[in-house]
Amino acid sequence: MIRLIVFIFSVSLFFSSCSKNQNEISEIKENKQDLEMISTYQEAYEALEQGDLFFAAKKFLEAELSFPQSEWAPKAALMASYTYYSQNYYTKALSNLERYLITYPNSNDIVYAHYLIAMCYYETIEDEKRDFQPIFKAKEKFTFIIENFSNTDFAIDAEFKLGLINDILAAKEMYIGRHYQKKRKWIASIKRFKNVLENYDKTIFVEEALHRLVEINYKLGLVEESQKYANVLGYNYQSSDWYEKSYKVFNKDYNLEISKKKNKKPGIMDKFKNLFIK
């Protein structure tokens, strides 16, 4: 009986010793992997600093995929995406960023991933005559950042970028509206110019949109409607060239009543929303 107890104690001690050794080996192995991960990451970062972007992207991905459990893995994935972005490889950057959002949904740097996605679309915007998908994609993502990460620097820059995007979208509406106007497609043209007033009232195209509506409505014999837009134009932009052009639309006997107030405030067109409702 005593021999049996001694045997059991010896076996227990043996396995306890083995377990302790395994934990130490595991810890040493993890520390070694962390060092290897940091070394690979550092190598990638130095390549990025030196301008060797292709090699940098390769090493960042190698660091992530070789050590997926490391806390450095999501950082490496983001840096790989940034490196692709820096090379103008926007498709590769987007693909890697979408994978990042799925793989690391709880990352502390998640806002940067969303911002970089927005920038990939933003950088591919050309002008109001080209493909509009990047414009809408960028606008959607910048809006998402503002709504979900409002207290970050990324949200501040997103606000600025949205202003530029709205300028482009307003320019698109004006371009199409002018085209319809030349083709004498009055209804389609009016719709485009009204869209500028209702959705892009803080852009530089508001004055011209008002003038075009003065022109078209007067052409159609809708003098009161034409006068309405002329009054709005005069109230806000009396000293502008577009106001002078609108004034010339009417004959000399026409008494254009305008307000002498010249206070121009951001979003002032909101006060005249009721004028644009048919």
- With (1) at pLDDT below 80; (2) under 25 Å from the mean Cα position of the chain (by Cα) as the list, and Ser16 as the residue in question, which single condition is left unmet? (2)
- Query: Can you tell me which residues in the stretch 176-187 are assigned to a helix (DSSP H, G or I) and exposed (fewer than 14 other Cβ atoms within 10 Å of the Cβ)?
  - Reply: His179, Lys182, Ile187
- Scanning the stretch 125-157 for residues that are modelled with pLDDT of 85 or more and of a type in the set (Asp, Glu) gives Glu140, Glu147, Asp153, Asp157
- more than 34 Å from the chain's Cα centre (by Cα) and buried (at least 22 other Cβ atoms within 10 Å of the Cβ), is that true of Val214? yes
- Message: For the structure I just gave you, tell me whether Glu198 is under 29 Å from Ile135 (Cβ atoms), at pLDDT 90 or above and within 32 Å of the chain's Cα centre (by Cα).
- Response: yes
- Message: If I filter the stretch 233-243 for residues that are of a type in the set (D, E, K, R) and modelled with pLDDT under 75, do I get at least one hit?
- Response: no
- In the stretch 192-228, anything outside any helix (DSSP H, G or I), under 16 Å from Tyr243 (Cα atoms) and aliphatic (A, V, I, L, M) is listed as Ile204
- Query: Counting only residues that are farther than 14 Å from Ser81 by Cα and out of contact with any Phe, Trp or Tyr (no Cβ under 8 Å at 6 or more places or on another chain), how many does the stretch 105-114 have?
  - Reply: 3
- Task: Please state which one of Lys59, Lys29 is surrounded by 19 or more Cβ atoms within 10 Å (Cβ to Cβ), of a type in the set (Lys, Arg) and either assigned to a loop (DSSP other than H, G, I, E, B) or modelled with pLDDT under 90 (or both).
- Result: Lys59
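The values are calculated or read from the model by the stated rules, or taken from the named source; none is laboratory data. Quick caveat, the model's predicted, so the values are computed rather than measured. We place every Cβ from the backbone using ideal geometry, glycine too, and count neighbours over all the protein chains shown.
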